[in-house]
Amino acid sequence: MSRQPGAEEFVPETTDLAELAAAAGGCRGCELYRNAERTVFGAGPATARLVLVGEQPGDLEDRAGEPFVGPAGRLLDRALEEAGIDRGEVYVTNAVKHFKFERAAAGGRRIHKKPARGEVVACRPWLVAELRAVQPDVLVCLGATAAQSLLGPSFRVTAHRGEILHLDGEVQIPSAPAVVATIHPSAILRGPAEQRDEALAGLVADLRVAAGVL
Ligand code: SF4
């Protein structure tokens, strides 16, 4: 694991989401702030009972400063609607708050790069602070990065997706939310076109499990 100083020293002692978001704008807990445009903090009501956690902001999110506003976000919106979950009542965030990417060529397109475990752990204090502020009843981890941030590095989404789980001590949240792990919507977009309907149906089924806990 690459050594990163971590976000801990930048996280203020508050459960006010606006204060947390403002402080995250100055985070230097790992190297990812250097190349990204902005910190992308979570968004949604502080009263949300359901929190969705993705991997990291993408290209469009980095420019907009908002999570899940790109193609994966639109697919997530569709999946939430099909699962009967009101997007307006959900808090959405990411395990890592800065966009990690590499350039296709000098000055070229920015291509998503998976964050390293050290970066995920470095950024986790922000995620924990958000969860302590929102106190959700249910947490949905979208993809392996989010799931492994909260459930440990050996957790496998493929083995446990759609199950009702609980935080195992890797992080502690007073509301002790139920946890459901599923795929990230970007995995559906990256996958074969002829398998997208089936993959989307799987995501919707997992979201229905989460909705059923509420
Ligand atoms: S990715 Fe997270 S820990 Fe790293 S600088 Fe950004 S906010 Fe801080």
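Taking the Cβ of residue 183 as the center, what net charge do the other residues with Cβ under 10 Å away carry, scoring Lys and Arg +1 and Asp and Glu -1? If you can, show how the numbers build up before the last one.
Numbers: positive: 161; negative: 206.
Local net charge: 0.
Compute, for the chain, the length of the dipole vector about the Cα centre, with Cβ point charges of +1 (Lys, Arg) and -1 (Asp, Glu) only. Units Debye, rounded to 20.
Numbers: 24 positive and 28 negative charges, 154 e Å.
The calculation lands at about 740 debye.
Take the alpha-carbon centre of the stretch 114-179, take the same for the stretch 49-75, and report the distance between them in whole Å.
17
So if the hydrodynamic radius of the stretch 25-92 is defined as the Kirkwood radius over C-alpha pairs, what does Stokes-Einstein give as its diffusion coefficient at 37 °C and 0.692 mPa s, in µm² per second? Don't skip to the end; give the middle numbers.
Details: Rh = 12.9 Å.
Translational diffusion coefficient: 254 µm²/s.
Would you mind counting up the charge near residue 98? Only other residues with Cβ under 12 Å from its Cβ, with Lys and Arg at +1 and Asp and Glu at -1.
Numbers: positive: 28, 34, 38, 97, 100, 113; negative: 31, 37, 55, 61, 62, 119.
That sum, taken over residues with Cβ under 12 Å, equals 0.
Where a ≥ b ≥ c are the square roots of the eigenvalues of the C-alpha gyration tensor, would you call the stretch 1-130 rounded, which needs a/c under 1.5, or, failing that, prolate if a/b is larger than b/c, or oblate?
Details: a/c = 1.96, a/b = 1.14, b/c = 1.71.
Here the stretch 1-130 falls in the oblate category.
Just subtract the alpha-carbon distance of residue 105 and residue 170 from 0.36 nm times their residue separation and send over the number in nm, one decimal. Don't skip to the answer; put the middle values down first.
Details: separation 65, 0.36 × 65 = 23.40 nm, distance 3.86 nm.
Length gained, residue 105 through residue 170: 19.5 nm.
Can you tell me which of 189-199, 53-63 comes out highest on packing, and rank the rest after it, using the mean Cβ neighbours within 10 Å?
Details: 189-199: 11.3, 53-63: 23.4.
Per-residue Cβ counts within 10 Å, averaged per peptide and sorted highest first, yield 53-63, 189-199.
Order by neighbour count: 139, 200, fewest other Cβ atoms within 10 Å first, most last. Intermediate values should be presented prior to the final figure.
On the way: 139 28, 200 18.
Starting with the residue having the fewest Cβ neighbours, the order is 200, 139.
Computed FRET efficiency, Cβ-Cβ of residue 163 and residue 34, R0 30 Å: what is it to the nearest 0.05?
Values: r = 38 Å, r/R0 = 1.26.
The calculated FRET efficiency here is 0.20.
So if R0 is 25 Å, what FRET efficiency would residue 114 and residue 137 give, r being the distance between their Cβ atoms, rounded to the nearest 0.05? Please list the in-between numbers first.
On the way: r = 29 Å, r/R0 = 1.18.
With R0 = 25 Å, the Cβ-Cβ based efficiency is 0.25.
Quick check: net charge around residue 51, other residues with Cβ under 10 Å of its Cβ, Lys/Arg +1 and Asp/Glu -1? Intermediate values should be presented prior to the final figure.
On the way: positive: 49; negative: 130, 137.
The answer is -1.
Could you list 113, 100 in order of exposure, starting from the residue whose Cβ has the fewest other Cβ atoms within 10 Å? Write out the running numbers ahead of the final one.
Working: 113 12, 100 21.
Placing the least packed residue first, the sequence is 113, 100.
Run the quick spin-label model on residue 22 and residue 74: label points 7 Å from Cα toward the beta carbon, then report their separation in nm to one decimal.
Roughly 3.4 nm, to one decimal.
How big is the dipole moment of the stretch 1-95 about its Cα centre under a simple scheme where the beta carbon of each Lys and Arg is +1, that of each Asp and Glu is -1, and everything else is neutral? Debye, nearest 20, please. Walk me through the numbers on the way to the answer.
On the way: 9 positive and 17 negative charges, 41 e Å.
Once rounded to the nearest 20, the dipole reads 200 debye.
Over the chain, what relative contact order in percent results from Cα pairs under 8 Å that are six or more residues apart?
Numbers: 432 pairs, mean separation 50.3, N = 214.
It comes to 24 percent, rounded to a whole number.
Just to be sure I understand the rule: take each whole DSSP H helix in the chain, project its Cα atoms onto its long axis, keep it if the span is 20 Å or more and its mean Kyte-Doolittle hydropathy is at least -0.5. Which ones pass?
On the way: long enough: 117-134 (25 Å, 0.49); 196-213 (26 Å, 0.71).
Helices meeting the criterion: 117-134, 196-213.
Could you pull out every residue, at least 5 positions away or on a different chain, whose amide H is within less than 5 Å of the one on residue 140? Hs are placed 1.01 Å off N in the peptide plane, and Pro or chain starts have none.
Long-range HN contacts for residue 140: 51, 52, 53, 180.
For 173, 111, which order do you get if you count the other beta carbons within 10 Å of each Cβ and list the fewest first? Numbers along the way, then the final one.
Values: 173 19, 111 10.
Fewest-to-most Cβ neighbours within 10 Å comes out as 111, 173.
For residue 208 and residue 154 in one chain, what is 0.36 nm times their gap in residues minus the Cα-Cα distance, to one decimal in nm? Numbers along the way, then the final one.
Values: separation 54, 0.36 × 54 = 19.44 nm, distance 2.51 nm.
16.9 nm is the gain from fully extending residue 208 to residue 154.
Taken together, the values in this text are just the output of simple stated rules run on the coordinates, not laboratory data. As the structure is a computational prediction, the values presented were derived from the model and not from experiment. Because the Cβ atoms are built from the backbone with ideal geometry, glycine has one as well, and the counts that use them run over all protein chains shown.
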